[in-house]
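The values are calculated or read from the model by the stated rules, or taken from the named source; none is laboratory data. Values in this document were obtained by computation on a predicted structure and should not be read as measured data. Cβ sites come from the backbone with ideal geometry, for glycine too, and all protein chains shown count toward neighbours. Just so you know, the surface numbers come from the protein's heavy atoms only, side chains and all, with ligands and any DNA or RNA stripped out. Shrake-Rupley method; radii C 1.70, N 1.55, O 1.52, S 1.80 Å.
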Amino acid sequence: MEDRRENEVRQQKRKLLLSAMLSLPLLWSMVAHFSFTSWIYMPEILMNPWFQLILATPVQFYVGRQFYVGAYKALRNGSANMDVLVSLGTSAAYFYSLYLTVDWFLAGGGVHHGPSLYYETSAILITLVIMGKLFESLAKGRTSEAIKSLMGLQAKTALVVRDGQELTIPVEEVIAGDVVLVRPGDKVPVDGEVLEGESSVDESMLTGESLPVEKKAGDPVIGATINKNGMLRVKATKVGKETALAQIIKVVEEAQGSKAPIQRVADVISGIFVPIVVGIAIAAFLVWYFLVTPGDVAEALEKAIAILVIACPCALGLATPTSIMAGSGRAAELGILFKGGEHLEQTHKIDAIILDKTGTVTKGKPELTDVIAEGDEAEFLRLVGAAERNSEHPWRKRS
């Protein structure tokens, strides 16, 4: 999944770079349409309709191919999404400009200057929407880092006892009922129950508690927690996707893929908005053709295209999923998990937060700040250091 997302980001970057390189000259040529910019230098070739066509075509049909594919799939399913509107708006501008280019050529147009075209409109729109898609992909990538960091907490291997032999196997091959040996300093590979041994286990990755918890026979242990100072024989009770850590990862993934109420509203609006925009564009064409400028197809078509183009990018449909991905991902990095997009959306209503652990609002790691000895402090520290020298006590490094 990660490789696919990285490939998607790389592809979006390449398309955006190509689209920007081809669109900038077209955008520059648009400057010549305004009288107040007549003093700006304009290379003659930029005003050539055929040159503009060559620049706009790859943007329209290579870079913008994904919008045509998305529009086709949406229409095939009987719905209309933003891809439909993007395809309609940019295609209208492109093909109308192509029509003007051919008409200008057949009318004996000059070598350089031509009519007012709209190639730059379609190209710039596609470039901007592709940029938005790239931002969304980057937000997803950033969010996936939170999941990767959670997955990194898992143990990679487990030391199991099978048929009287100790075997080191990948943690994915551990099955429920296996007896697992957890040495001091090792991560507990799976959720289980202590059969033999006594030790202290650091469960801060799950509970936030900074102090290790004492474990003995009959006590439960959780995968990815760290055994501190004693050998434990653990019977695996939950493995794979059933472990507590796997369930946390699942919750994060589901939250990132879930739709907030506002996003579901946006989807409904998109299904209504697109047909309405198309209807308004058709109505504008008919009004201009029959009433405002009777018989002038070009003028009427230009007004219809303007409506389609202006309505083309819809921020609501793009910004909402991006904000959910970025918000839930950043929260996961800080140790805050949302079970769904609706919970993230409702956080603006929070006016009080109740915390049950000091480790939630502190660094969560006790530190030695002062030493007060009744006698010789140096001698006291020497004796403590000698006693702690071979110890694996969690406070050893702090003291």
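Residues of the stretch 241-256 that are open to solvent by less than 30 Å² (accessible area, probe 1.4 Å) and at pLDDT below 80: Ile249, Val252, Ala255, Gln256.
Is it the case, given these coordinates, that Leu117 is modelled with pLDDT of 85 or more and either within 26 Å of Ser323 (Cα to Cα) or buried (at least 19 other Cβ atoms within 10 Å of the Cβ) (or both)? Against the criterion (modelled with pLDDT of 85 or more and either within 26 Å of Ser323 (Cα to Cα) or buried (at least 19 other Cβ atoms within 10 Å of the Cβ) (or both)), Leu117 does not qualify.
Among the conditions (1) open to solvent by 20 Å² or more (accessible area, probe 1.4 Å); (2) of a type outside the set (Phe, Trp, Tyr); (3) outside any helix (DSSP H, G or I), Leu88 misses just one, which is (3). Note on the stretch 173-203: residues that are among the small types (Gly, Ala, Ser) and more than 17 Å from Lys216 (Cβ to Cβ) total 3.
The listed residues are Lys238, Lys259, and the only one of them that is of a type in the set (D, E, K, R), at pLDDT 85 or above and touching a helix residue (DSSP H, G or I) at 6+ places or on another chain (Cβ under 9 Å) turns out to be Lys238. Candidates are the residues of the stretch 44-85 that are touching a helix residue (DSSP H, G or I) at 6+ places or on another chain (Cβ under 6 Å) and polar (S, T, N, Q); the one that is surrounded by the fewest Cβ atoms within 10 Å (Cβ to Cβ) is Ser79. Only one of the listed residues (Asp191, Asp163) is surrounded by 13 or more Cβ atoms within 10 Å (Cβ to Cβ) and of a type in the set (Asp, Glu). That residue is Asp191. Please indicate, with yes or no, whether at least one residue in the stretch 106-128 is free of Cβ contacts under 8 Å to residues at least 12 places away in the same chain and in a helix (DSSP H, G or I). Checked against the condition, which is being free of Cβ contacts under 8 Å to residues at least 12 places away in the same chain and in a helix (DSSP H, G or I), the stretch 106-128 yields at least one hit.
Looking only at the stretch 147-157, which residues are in contact (Cβ under 8 Å) with a residue 60 or more places away in the chain and surrounded by 15 or more Cβ atoms within 10 Å (Cβ to Cβ)? Those that are in contact (Cβ under 8 Å) with a residue 60 or more places away in the chain and surrounded by 15 or more Cβ atoms within 10 Å (Cβ to Cβ): Ile147, Leu150, Leu153, Gln154, Ala155.
Could you tell me which of the residues Leu206, Leu211, Leu181 is open to solvent by 60 Å² or more (accessible area, probe 1.4 Å) and not in a loop (DSSP other than H, G, I, E, B)? From the options Leu206, Leu211, Leu181, the qualifying one is Leu206.
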